[in-house]
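The values are calculated or read from the model by the stated rules, or taken from the named source; none is laboratory data. Since this is a predicted model, take the numbers as computed values, not measurements. For neighbour counting, all protein chains shown are included, and Cβ atoms are generated from backbone atoms with ideal geometry for every residue, glycine included. Keep in mind that these areas ignore ligands, DNA and RNA; they rest on the heavy atoms of the full protein, side chains included. Shrake-Rupley method; radii C 1.70, N 1.55, O 1.52, S 1.80 Å.
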Amino acid sequence: MNSMALVIVNESSLDLDGEQEQALAQVAWEAVSSEFDPDIVEIGLTLVDDEAIAALNEQYRGVEGPTDVLSFPLWTREQLKEASVDPESFPERPLLLGDVVISVETARRQAEEYGHSFGRELAFLLVHGVLHLLGYDHDDDESRAQMRAREEAVLEATGWPR
């Protein structure tokens, strides 16, 4: 278990140790595992400050200011389903799902605002981002409820419950 590659690039002020990196890898693995074979997957995670994520937010979404998490999926949900059913349709291994970018500064503020630990907020943002890489969205009530249920299941399974 847990041989999925989570490639972490830390461009923030956060001093991330090996134990924290392993906890994040476990969260990503759990998020992927019920949807896709995590043993053949790679995900990029970049930790940044508000200034960096604000620039990305404006560039890619046309929205000014920082946000908590951005996802950059490389595949549609339909393509990922095809890849899981017919691995030869996407033979490259590891299969890069995409990148998740998290603002450490925003995560800290939100953890305080929501009254839970910074670790739990970071785990939540990672799950949220990974689910976007897997094709989840929250554009309507039904898809929002489905995504939220999956987020909570992953957080519960990895020791970050509400």
Within segment 9-22, residues open to solvent by 40 Å² or more (accessible area, probe 1.4 Å) and touching a helix residue (DSSP H, G or I) at 6+ places or on another chain (Cβ under 9 Å) come out as Asn10, Glu11, Ser13, Gln20
With the condition kept exactly as written, say whether any residue in segment 59-81 is within 17 Å of the chain's Cα centre (by Cα), within 21 Å of Glu151 (Cβ to Cβ), among the basic types (Lys, Arg) and outside any loop (DSSP other than H, G, I, E, B). yes
Failed item in (1) farther than 23 Å from Val154 by Cβ; (2) in contact with an Asp or Glu (Cβ under 7 Å, 6 or more places away or on another chain), with Thr46 passing the rest: (1)
For segment 74-92, which positions are more than 16 Å from Glu42 (Cα to Cα), surrounded by fewer than 13 Cβ atoms within 10 Å (Cβ to Cβ) and of a type outside the set (Ser, Thr, Tyr)? Glu78, Val85, Asp86, Glu88
Is it fair to say Val130 is β-branched (Val, Ile, Thr) and in contact (Cβ under 8 Å) with a residue 60 or more places away in the chain? yes
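Report the residue count in segment 147-159 for those that are open to solvent by less than 50 Å² (accessible area, probe 1.4 Å) and more than 13 Å from the chain's Cα centre (by Cα).
Pass one, segment 147-159, residues open to solvent by less than 50 Å² (accessible area, probe 1.4 Å): 147, 150-155, 158.
Keeping just the survivors that are more than 13 Å from the chain's Cα centre (by Cα) gives 152-153, 158.
Counting residues in segment 147-159 that are open to solvent by less than 50 Å² (accessible area, probe 1.4 Å) and more than 13 Å from the chain's Cα centre (by Cα) gives 3.
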Residue satisfying condition, being acidic (Asp, Glu), closer than 15 Å to Val7 by Cα and touching a Ser or Thr at 6+ places or on another chain (Cβ under 7 Å), within set Asp99, Asp37, Asp49: Asp99
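Per-residue answers, yes or no, for (1) open to solvent by 30 Å² or more (accessible area, probe 1.4 Å); (2) in a loop (DSSP other than H, G, I, E, B):
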residue: Glu105; (1), (2): yes, no
residue: Glu112; (1), (2): yes, no
residue: Leu131; (1), (2): no, no
residue: Asp139; (1), (2): yes, yes
residue: Ala145; (1), (2): yes, no
residue: Pro161; (1), (2): yes, yes
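Tally time: how many residues in segment 31-50 are part of a helix (DSSP H, G or I) and under 11 Å from the mean Cα position of the chain (by Cα)?
At the first step, the residues of segment 31-50 found to be part of a helix (DSSP H, G or I) are 31-33, 38-40, 50.
Filter once more, keeping what is under 11 Å from the mean Cα position of the chain (by Cα): 31-32.
Here the count works out to 2.
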Which pairs turn up if I take residues in segment 141-156 that are of a type in the set (Gly, Ala, Ser) and look for partners that are open to solvent by 60 Å² or more (accessible area, probe 1.4 Å) and modelled with pLDDT under 95 with beta carbon separation below 6 Å, at least 6 apart in sequence or on another chain? Ser143/Asp137
Being under 24 Å from Gln146 (Cα atoms) and open to solvent by less than 30 Å² (accessible area, probe 1.4 Å) narrows it down to one of Leu122, Leu95, so name that one. Leu122
